[in-house]
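The block underneath contains the structure these notes are about, expressed in structure tokens.
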Number of protein chains: 2
Amino acid sequence: FIFQRIGLSGEGTDAVVILEKTPFQEEKIPDLLKKPMNAELQMHNDIYCTFYLSPPPELSEIKATVVYPATEKHIQKYLRQEVHLIRETWEDYKNITLPFIHSQSFSIQWVYNILEKKAETDRIVHENPDPSNGFVLVPDLKWNQNQLEDLYLIALVHRRDIKSLRDLTAEHLPLLRNVLQEGKEAIVKRFGVPSSQLRIYLHYQPSYYHLHVHFTALGYDAPGSSVERAHLLADVIDNLAMDSMYYQKRALTFPLRADEPLFKKFQEAGRL
Amino acid sequence: FIFQRIGLSGEGTDAVVILEKTPFQEEKIPDLLKKPMNAELQMHNDIYCTFYLSPPPELSEIKATVVYPATEKHIQKYLRQEVHLIRETWEDYKNITLPFIHSQSFSIQWVYNILEKKAETDRIVHENPDPSNGFVLVPDLKWNQNQLEDLYLIALVHRRDIKSLRDLTAEHLPLLRNVLQEGKEAIVKRFGVPSSQLRIYLHYQPSYYHLHVHFTALGYDAPGSSVERAHLLADVIDNLAMDSMYYQKRALTFPLRADEPLFKKFQEAGRL
């Protein structure tokens, strides 16, 4: 990805232009290897060599996304932002993060719509209807379901009183074990992907404060699957089984963009 | 990345050809936006639109790596391999993984060469010479040190009796705290990167069984930084402070390629 800020035709109006090289299309590879084109030898050592090729226009492709006219807000959104790690103690959570969550009116009506069958009913892959220990499994909106390489599903729990990992105790083990076990079974049954090829995890911080679990294809480098944001559900279960208060004692690390409101709260509290 | 197996000129000899689209070069972007080229409108909605562009050969580039002639081993190496997650209990570690580690003669002479100042002495960024609680910090070979975006350093501990995360107990806390604290300080001093922008972690399984810690730029999506392989050093320290035997009790998840010898050991043991 690269981001460019340009003024179009001297009007003084900004546009955001995002350019991306698209992936190779497998069926075009034979053409690419057959076509005569400029090839510059870079390195030759024993059986190895590297070239730089300049493919003809019909075999290379760039996707351009244009936002025009773009406001300052659009430009800020696409500008690279510094990201910092926060190491949040339980005290930080109580004094900084929790008041922040309460002060925000994050709307999670879309979650309730799914749980109440008011939306996306035809997309439900699996449901356990138990009000305390049940959940709904749906494909994530980022996944178009056309290929298994980037498989991405979300389990939304029916209970509405669990904001995040921080609220979990041993009381929630039956719920978490249901999500792990039934989620795996439903995905192998519907999509044929075995559980050993699934990455099953929670985010901290989550992007919305209603407990949910991510299921992604192991071969897919899903955004948010890095160690600084993701917590394997199997590890969460083992930690809670060992110590019910594990997530009310432990410091947790997470990344924040410097322009996020929660980042400013940690800054104001002198925790950065 | 894509991989192609082709027979060249009917000789019946295989070659491995790896094609990669190279990243955009920032200085060529203005040319790219000025040049008249075929642009196909894909979507238009309000202020957003997307196009597909076909850039001229001089503005697009493919890197081709050729291995020729390629043996079956080369081809296997580059063929896509299935990856599976293993959930290794402590019993699995004792019965399967540990005997496997002992049966292998992984050479880590290169590590000892660094620790004994027989190699890479000019590359050392920081050293704490204490034989029990000291370590050496060096740039990883994957990092060319030309830009900070993909900053990557490795701390190699002086002690030679710690194979991996599995061996760690509270006894090692002074060592681990030195690595965390002095590693951060050395990196901000030498490279100006603050510790809040560093991802500091161990791999399990590691690629060699001499305890080492990875320091990578937070903005760099470093290979092996996913939740299924990486363990934040700060978490490891807190877990050990809470329970000295944490890593001798807990199940640990890690990925294995289906062609790795350790994978076959888990298969033979009926653990897959």
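Scanning the range A:12-38 for residues that are more than 9 Å from chain B (Cβ to nearest Cβ) and open to solvent by 60 Å² or more (accessible area, probe 1.4 Å) gives A:G12, A:Q25, A:E27, A:K28, A:D31, A:K34, A:K35, A:P36. The set of residues in the range B:203-235 being in a loop (DSSP other than H, G, I, E, B), more than 11 Å from the chain's Cα centre (by Cα) and among the aliphatic types (A, V, I, L, M) consists of B:L211, B:L218, B:V227. All of (1) surrounded by fewer than 20 Cβ atoms within 10 Å (Cβ to Cβ); (2) on the phi < 0 side of the Ramachandran plot hold for A:L202 with one exception: (1). Per the conditions (1) closer than 30 Å to A:T13 by Cα; (2) away from every other protein chain (no Cβ under 14 Å), the sole criterion not satisfied by A:I101 is (1).
Scanning the range B:163-180 turns up one or more residues that are open to solvent by 10 Å² or more (accessible area, probe 1.4 Å), out of contact with any Pro (no Cβ under 6 Å at 6 or more places or on another chain), not in a helix (DSSP H, G or I) and not acidic (D, E). Scanning the range B:47-65 turns up no residue that is away from chain A (no Cβ under 11 Å) and exposed (fewer than 14 other Cβ atoms within 10 Å of the Cβ). Annotation: B:F254 fulfils all but one of (1) free of Cβ contacts under 8 Å to residues at least 40 places away in the same chain; (2) within 11 Å of chain A (Cβ to nearest Cβ); the unmet one is (1).
The values are calculated or read from the model by the stated rules, or taken from the named source; none is laboratory data. What you are looking at is a predicted structure, and each value in this text was computed from that prediction instead of being measured. Cβ: placed from backbone, ideal geometry, glycine included. Neighbour counts: every protein chain shown. Ligands, DNA and RNA are excluded from the accessible area calculation, which covers all protein heavy atoms including side chains. Shrake-Rupley method; radii C 1.70, N 1.55, O 1.52, S 1.80 Å.
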